[in-house]
Amino acid sequence: MFSPTIQKLIDLFSKFPTVGPRTAARFVFYLIKLDKKETEDLVNTIKTCNFCFNPFEKEGNLCEICQNPSRNREILCVVEKETDLNSIEKTNNYQGLYFILGGTVSKLKKEDIEKLPIKELKERIKNPQKFGIDTHFKEIIIATNPTPEGEATALYIERQLKNLNIKITHLARGLPTGGELEYADEETLKAAFEGRK
Ligand SMILES: [Zn+2]
């Protein structure tokens, strides 16, 4: 039997895809033995973007993408998690902004859909200036993963955003069904963005 806090941490780590309770326990005990000051410093230097929820380390409240004046601020791409944003960035094709729904590491489950930060998303679309972005969005791309959870999430978001009267698009089919953006090759991802409708 582990102490309640250790058990709680193990449960947390077990939520990672492919991590079972035994591996989770190893992570937790590894973490406990790490130098406290060092881990604290590392975690404290990382901030979350005020607009898109992307983690970053620079000055200010906005991440590098949101701060970059050459990005197209009329397009907003909604992704499930940080690693999806990262894969899209790697294609060097999409130039707009993002919003991370915040299924940070674990996949979105049906019961989690109700907990999605839709209110936050709507606020940022309606009033981006309030969050430090001077723009008026003209297109929202819903780029959730082509998994059952991702499709359900996309439908839910679309329904929620309907009355904002902004063009909503989806990535073109062609991404492997059941796969994740994270694992799609750059050409496929690029084509999915270009063929969006
Ligand atoms: Zn940002």
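Readers should treat all values here as calculations from the given coordinates under stated rules, not as data from a laboratory. Bear in mind the structure is a predicted one, so any value in this text is a computation, not a measurement. Here the Cβ is made from the backbone with ideal geometry for all residues, glycine too, and neighbour counts use every protein chain on show.
Note on the stretch 1-127: dipole from Cβ charges, positive end direction compared against I113, I46, C63; the farthest Cα belongs to I113.
In the chain, the longest principal axis of the Cα atoms and the axis of helix 36-45 are about 10 degrees apart. Net charge dipole, the stretch 1-141: roughly 380 debye, given to the nearest 20, about the Cα centre with Cβ charges of +1 for Lys and Arg and -1 for Asp and Glu. Comparing mean-square fluctuations of K90, K33, K58 from a GNM of the chain with C-alpha springs under 10 Å, the top value falls on K33.
Label separation (K37 vs H136): 5.4 nm, computed from points 7 Å beyond Cα along the C-beta direction.
Within the shell defined by Cβ-Cβ distances under 11 Å, the residues around T135 carry a net charge of +2, with Lys and Arg each +1 and Asp and Glu each -1.
Dipole size of the stretch 79-197 about its Cα centre, with +1 on Lys/Arg Cβ and -1 on Asp/Glu Cβ: approximately 600 debye, rounded to the nearest 20. If you average the sequence gap of Cα pairs under 8 Å that are 6 or more apart and divide by the length of the stretch 1-147, what percent do you get for the contact order? It comes to 22 percent, rounded to a whole number. Computed from Cα atoms, the angle from the helix 21-33 axis to the main principal axis of the chain rounds to 80 degrees.
Put the Cα centre of the stretch 1-39 next to the Cα centre of the stretch 149-197 and the gap is 34 Å.
Since only T147, T91, A184 are under comparison, the one whose Cα sits farthest along the positive direction of the charge dipole of the chain, derived from C-beta charges on Lys, Arg, Asp and Glu, is T147.
For the chain, the 222 nm mean residue ellipticity estimated from helices alone, with every DSSP H stretch of n ≥ 4 adding -39500 (n - 2.57) and the total spread over all residues, rounds to -11500 deg cm²/dmol.
Gain on full extension, evaluated as 0.36 nm per residue between N72 and T23 minus their Cα-Cα distance, stands at 13.4 nm. For the chain, the spread of Cα coordinates along the three principal axes comes to 54, 39, 32 Å, biggest extent given first. Compared with the dominant Cα axis of the chain, that is its longest principal axis, helix 148-161 is turned about 50°.
Once the chain from E158 to K190 is taken as fully extended at 0.36 nm per residue, the excess over their C-alpha distance is 9.3 nm.
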